[in-house]
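J.: I have a structure here, written as structure tokens, and I will follow up with some questions on it.
The values are calculated or read from the model by the stated rules, or taken from the named source; none is laboratory data. Keep in mind it's a predicted model, so treat the numbers as computed, not measured. Reconstructed Cβ throughout: ideal geometry from the backbone, glycine too, with neighbour counts over all protein chains shown. Areas reflect the complete protein model, heavy atoms only, side chains present, ligands, DNA and RNA absent. Shrake-Rupley method; radii C 1.70, N 1.55, O 1.52, S 1.80 Å.
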Amino acid sequence: MVTGDCLCGVVRFEIDGPIRNIVYCHCSQCRKAQGSAFATNGIVRASGFRITAGEDALTGYESTSGQTKFFCKICGSPILSKSESRPDDVRVRLGTIDSDIEERPVAHIFATSKANWEEICGDLPQYEGYEPGRNER
Ligand SMILES: [Zn+2]
Ligand SMILES: [Zn+2]
């Protein structure tokens, strides 16, 4: 069982099952949503993701048509996003997880959208858009 919460601790969640396709996303939406150079997102099954406390404090913003980013309205922590085209999955913001996890990031995505002040380091593959194989389970 993996657990996490927001900065103020009001919104708490649990994840059952693997975290797939952990990626560093450098797209401009993720940069603005996180206030940082990139977002670190992983995909989990919607059926394995549970809000265990503070559901009332979770609010959403539809950043793209059909795609909503959910965050704590008290402290602003980004927690997850959901896409109408992928109802079985949620994308979790990995920085809100407290547990140590086995899974590791596999790629940098939207690497060509990165801020001009950022230098992407390391050996992970970099993709112009989404990573290949993200629709496989
Ligand atoms: Zn909070
Ligand atoms: Zn992104």
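J.: Open to solvent by 40 Å² or more (accessible area, probe 1.4 Å) and either of a type outside the set (Lys, Arg) or within 17 Å of GLY129 (Cβ to Cβ) (or both), is that true of PRO87?
T.: Considered against the rule, which asks whether it is open to solvent by 40 Å² or more (accessible area, probe 1.4 Å) and either of a type outside the set (Lys, Arg) or within 17 Å of GLY129 (Cβ to Cβ) (or both), PRO87 comes out as yes.
J.: Output the residues belonging to the stretch 50-82 that are open to solvent by 40 Å² or more (accessible area, probe 1.4 Å) and of a type in the set (Lys, Arg).
T.: Matches in the stretch 50-82: ARG50, LYS73, LYS82.
J.: For a quick check of your reading of the model, give me the residue pairs whose first member lies in the stretch 107-130 and is under 12 Å from PHE38 (Cβ atoms), whose second is open to solvent by 40 Å² or more (accessible area, probe 1.4 Å) and away from ligand 2 (no atom under 14 Å from the Cβ), with beta-carbon atoms closer than 6 Å and at least 6 apart or on different chains.
T.: Pairs that qualify, where the first residue is under 12 Å from PHE38 (Cβ atoms) and the partner is open to solvent by 40 Å² or more (accessible area, probe 1.4 Å) and away from ligand 2 (no atom under 14 Å from the Cβ), are ALA107/LEU124; ALA107/PRO125; HIS108/LEU124.
Here is a yes/no grid of residues against (1) assigned to a loop (DSSP other than H, G, I, E, B); (2) at pLDDT below 95; (3) closer than 25 Å to GLY60 by Cα:
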| residue | (1), (2), (3) |
| --- | --- |
| GLY76 | yes, no, yes |
| LEU80 | no, no, yes |
| SER99 | yes, no, yes |
| GLU103 | yes, no, no |
| GLU119 | yes, no, no |
| LEU124 | yes, no, no |
| ARG137 | yes, yes, no |
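J.: Still on this structure: Would you mind telling me which numbered condition in (1) more than 16 Å from ligand 1 (Cβ to nearest atom); (2) surrounded by fewer than 20 Cβ atoms within 10 Å (Cβ to Cβ); (3) modelled with pLDDT of 95 or more; (4) not in a loop (DSSP other than H, G, I, E, B) SER36 fails?
T.: (4)
J.: Further question: Report, ordered by the first and then the second residue, all pairs with beta carbons closer than 9 Å, sequence separation of six or more or different chains, a first member in the stretch 46-62 that is in contact (Cβ under 8 Å) with a residue 12 or more places away in the chain, and a second member that is more than 16 Å from ligand 2 (Cβ to nearest atom) and of a type in the set (Lys, Arg).
T.: ILE51/ARG12; THR52/ARG12; ALA53/ARG12; GLY54/ARG12; ALA57/LYS73; LEU58/LYS73; THR59/LYS73
J.: Can you tell me which residue among THR52, THR64 is within 16 Å of ligand 2 (Cβ to nearest atom) and among the β-branched types (Val, Ile, Thr)?
T.: Answer to the check: THR64.
J.: Something else: What are the residues in the stretch 16-30 that are within 16 Å of ligand 2 (Cβ to nearest atom) and open to solvent by 60 Å² or more (accessible area, probe 1.4 Å), if any?
T.: Passing the criteria: only GLN29.
J.: Continuing with the same structure: Identify all residues within the stretch 39-54 that are away from ligand 1 (no atom under 16 Å from the Cβ), in a strand (DSSP E or B) and of a type in the set (Ser, Thr, Tyr); write none if there are none.
T.: THR40
J.: Residue by residue through the stretch 2-15, note down the ones that are under 16 Å from ASP100 (Cβ atoms) and surrounded by fewer than 18 Cβ atoms within 10 Å (Cβ to Cβ).
T.: THR3, GLU14
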